[in-house]
Amino acid sequence: MMPKEMLESLLKGCFRLSKFCQTTVLPHSRMNRLGPWLFLLEMFCLCYIGSVEIIPKLWTRYGPNLVLMNQAFTWFLGMEILMNWLCVRFVTSSYQPDLAQIQLLKLDDRSQQYTDYTKSFVEENLRHRKPAENNRSASRGYFTWSTCKSCKKVRPARCHHCSICKTCVLARDHHCFFSGNCVGYKNLRHFFVFLFYSMYATVYAFIHATAFYYLELWPRTIVLEIIPFVTFLRNLFGQGEYHTGVLILVWWALGIFLIIGAFQFIDLLLEIPEGVTSYEFNCGIELEDSRSLTEKIRAVFGKYWLLNFLVPVHFIFPPIVDPVNWPTISGIKRAPDEFL
Ligand SMILES: [Zn+2]
Ligand SMILES: [Zn+2]
């Protein structure tokens, strides 16, 4: 068989396997239930193993202060990740076509104009249950008001239905299985900060785990123990050490999380300055948007964006954006044919 054919059949096999896993072993609904628990378990295990087992062994030789500093830093990262994870999970961007929705649009002076516009538009929309004729976004194609086939409600442009959350989400970015909730215009900032600290913590933990393995465990293990299955078998038959088994599993979990998280984080770093969602970014949709870079950043993080990296300030400084009318967007600049 030619290498190209072999590669193709290998890819087809992988695709079938992932389809099988998705439909029978781990369908989306089950993944959504398991994901948050797996995440919490992994996070608490990492914080505990890191601060109780690994840090004291690696840093004691440099003095007790450095041990304490590293332990405190580990728990600081853990707390930041947990706080933002809770916000991603419980702050919803679901579209509720009533006046309560626009209460969230109490923004700065410029946005106040949007609020008035939104209020009249939503009232109009509620009365007629259809997009207003004069709405500039009610044009054609992707950037338009439409009726959701599942919820049967009229929804604004860039609002998409999530079959797992069973609701339409404003400026839907994607569904996060680790938190079990959709990421939309309200909780995108928390997802960003959550990923930022998760990536930082993963690299920090990976360096510590590697140093610990090399200095403490390497002399007592065999090379094949790097494969979790071998470690498991050796543990089962009482040959390997319990610590090695746990550490190898942690190592692999960190590596997998680092790869998945890095892709997602790079995606966010590229899409936020463009003012698009992950969905639009990955579909190759570009919008005619008059906002500056600062306005696009404020549309995600609100005022004083840096504060979000210390405490979640969503309720004090909401995103400066009108997620219903998108007054700064005049249309589509570029998109594949099916969206036009
Ligand atoms: Zn819907
Ligand atoms: Zn969802």
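The values are calculated or read from the model by the stated rules, or taken from the named source; none is laboratory data. Being a predicted model, the structure only gives us computed values, none of them experimental. For neighbour counting, all protein chains shown are included, and Cβ atoms are generated from backbone atoms with ideal geometry for every residue, glycine included. Protein only, heavy atoms only, side chains kept; ligands, DNA and RNA dropped before computing areas. Shrake-Rupley method; radii C 1.70, N 1.55, O 1.52, S 1.80 Å.
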Strictly over 24 Å apart at the Cα level, which of 296/333; 186/296; 152/333 would you flag in this model? 152/333
Segment residue 29-residue 283, extension gain: residue separation times 0.36 nm, minus the distance between their alpha carbons: 89.0 nm
Amide H of residue 173 versus every other amide H placed in the peptide plane: which residues, excluding those fewer than 5 positions away on the same chain, fall under 5 Å? 183, 184
Here the gain from full extension of residue 153 to residue 92, 0.36 nm per residue of separation minus their alpha-carbon distance, amounts to 20.2 nm
If you roll a 1.4 angstrom probe over the protein chains with everything in place, what fraction of the accessible area of segment 153-271 belongs to carbon and sulfur, to the nearest %? 75
Selection of chymotrypsin sites (Phe, Trp or Tyr not before Pro), segment 195-266, meeting DSSP coil and at most 15 other Cβ within 10 Å: 237
Tell me, what is the FRET efficiency for residue 164 and residue 53 to the nearest 0.05, using R0 = 45 angstrom and their Cβ-Cβ distance as r? 0.80
Bins of 5 Å from zero: percent of alpha-carbon pairs in segment 199-327: 2, 9, 14, 13, 12, 10, 8, 7, 8, 8, 6, 3, 1, 0
Between residue 259 and residue 310, what's the calculated FRET efficiency when r is the beta-carbon distance and R0 is 25 Å? Round to 0.05. 0.35
